[in-house]
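To start, the structure itself, in structure tokens.
The values are calculated or read from the model by the stated rules, or taken from the named source; none is laboratory data. Keep in mind that what you see is a predicted model, and the values were worked out from it rather than measured. Using ideal geometry, Cβ is built from the backbone for each residue, glycine included, and neighbour counts are taken over all protein chains shown. Accessible surface is based on the protein model in full, side chains and every heavy atom, while ligands, DNA and RNA are left aside. Shrake-Rupley method; radii C 1.70, N 1.55, O 1.52, S 1.80 Å.
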Amino acid sequence: MDNFTFYSPTFFAFGKDTENDAGKYVKRFGGSKILIHYGGGSVVRSGLLDRVKKSLDAAGIAYVELGGVKPNPRSGLVYEGIDLCRKEKVDFILAVGGGSTIDSSKAIAAGVVYDGDFWDFYSGKPIREALPIGTILTIAAAGSEGSPDSVITKEEGMFKRGASGNAIRPKFSILNPALTETLPAFQTAAGITDIMAHLHERYLTNTKDVEVTDRLIEALLLTMIAEGPKVIADPHNYEARANIMWAGMMAHNNSVGVGRSQDWNSHQIEHELSATYDCAHGAGLAVTMPAVFKYVMKHDVNRFAQLAVRVWGCQMDFDHPEITAMNGIKALQNFLHSIGMPSNFAELGAKKEDIPQMVQTLCHGNGRPGYIQGFVKLDENDCTRIYEMMI
């Protein structure tokens, strides 16, 4: 196990009707004039936004609003939010929505206090200062409600890139599983896929002797396999949604990733798909992960075989561990297909002729050195072959 430091100060309020305490938590964590940041119709139609405003009014918290966050959140709205916060002297940001809204809020929070272009943070500069953030989560997926991470798409060049820093970990996050019950099955399944991807990206490690975090990741994957089909069959299964929501947070606050190298190649390769085609991130990951795993499996076939045995219940073939490893990857692919996720380029609306441009952007765009580095180093040729495996 590698040396590590870990600090995760987010206060979580979990359970039914917890959104009605939003004002109390904003006040507790120092907010006096806040930006309510959200997406669009669902938080308005459901009455959630009105309940949040009522809570803020009761606590004497002033607020301004900025809606319009889209999936794969865009830099243009971030710049608009930064300008609005500075003009209105906002001192706290409250994200009401899913991972896209929270990521956009984090970018705004970092940009408001920075004398420069917020995109610097998405080009490698660490985030060390930001306005405080709170969240009210409406979809279990990205894990941004507990993480120090944010992903934004820059319209100029359509670069989808990430930034990180403990300064953008939310001060509090309100997690009410009931708020996710109105999600379409496809969005629920995409969220489950994203959570499972976060776990796989940490499981694929070159660090030895990490049994504790291996077992934690395996347990969370088993939870998703057990609970995922339940919420697809019955969207009002509160207990299953509760387990998925907490698993989603644990999968990405990095408590299961400490002390070990991590991968993230699947995410980087998928980011080009969702930047190019605006597909759901989880749907893109459902197509990307099996292709990446099959391509890199031989780098550490025993790690893939271990996952296949411990999580998917595959029989270990000691003479041919690559067979066990491949059976595990196929089991993952079959599971994702069973909950309604796509399996190939065509189902994403992706096109073979776009592969060269995606590879160029992936490996060279926004200052990259010609390759991506995770569990293994992947150059342009590797990435091209992986995309071609998805067709």
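Per-structure values
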| read-out | value |
| --- | --- |
| For segment 1-72 and segment 198-274, distance of Cα centres in Å | 24 |
| Within segment 121-274: Cβ-based charge dipole about Cα centre, in debye rounded to nearest 20 (Lys, Arg +1; Asp, Glu -1) | 420 |
| Charge dipole of segment 1-137 about the Cα centre (unit charges at C-beta), most positive-ward option of Met1, Ile82, Tyr114 | Ile82 |
| Max mean-square fluctuation residue, GNM over the chain, Cα-Cα springs under 10 Å, options Gln357, Gln306, Gln187 | Gln357 |
| Global geometry of segment 231-285, whether rounded, prolate or oblate, following the gyration tensor of its Cα atoms and the 1.5 cut on a/c | oblate |
| Sorted peptide list for 1-12, 167-178, 374-385, 206-217, criterion being average Cβ within 10 angstrom, highest first | 167-178, 374-385, 206-217, 1-12 |
| DSSP beta bridge pairing in the chain, given as percent antiparallel to the nearest 5 | 25 |
| Spacing of the two label points (7 Å from each Cα toward its C-beta) at Asn302 and Asp91, in nm | 5.7 |
| Förster radius 56 Å - calculated FRET efficiency between Glu347 and Lys54, Cβ distance, rounded to 0.05 | 0.85 |
| Proximal lysines relative to Lys27, as straight alpha-carbon distance under 29 Å, when same-chain residues fewer than 8 apart are discounted | Lys16, Lys53, Lys54, Lys70, Lys87, Lys89, Lys106, Lys171 |
| Most mobile of Asp149, Asp117, Asp83 in a GNM of the chain (Cα contacts under 10 Å) | Asp117 |
| Mean accessible surface per residue for segment 194-280, computed with a 1.4 Å probe while every protein chain stays in place, in Å² | 32 |
| Environment charge of Arg385, counting only residues whose C-beta is closer than 12 Å and scoring Lys/Arg +1, Asp/Glu -1 | -3 |
| Entry for volume of the Cα convex hull per residue in Å³ (calculated from the structure that is shown) out of (1) 168; (2) 155; (3) 124 | (3) |
| Cα-projected label distance for Leu222 with Val113, points at 7 Å along beta-carbon direction, nm | 4.1 |
| Over the chain: helical MRE at 222 nm, DSSP H runs n ≥ 4 each giving -39500 (n - 2.57), nearest 500 | -15500 deg cm²/dmol |
| Estimated FRET transfer efficiency when R0 is 30 angstrom, pair Val64-Lys330 (beta carbons, to 0.05) | 0.05 |
| Over the chain, relative contact order from alpha-carbon pairs under 8 Å, at least 6 apart, % | 15 |
| Net dipole in debye of the chain [+1 Lys, Arg Cβ; -1 Asp, Glu Cβ; about Cα centre; nearest 20] | 780 |
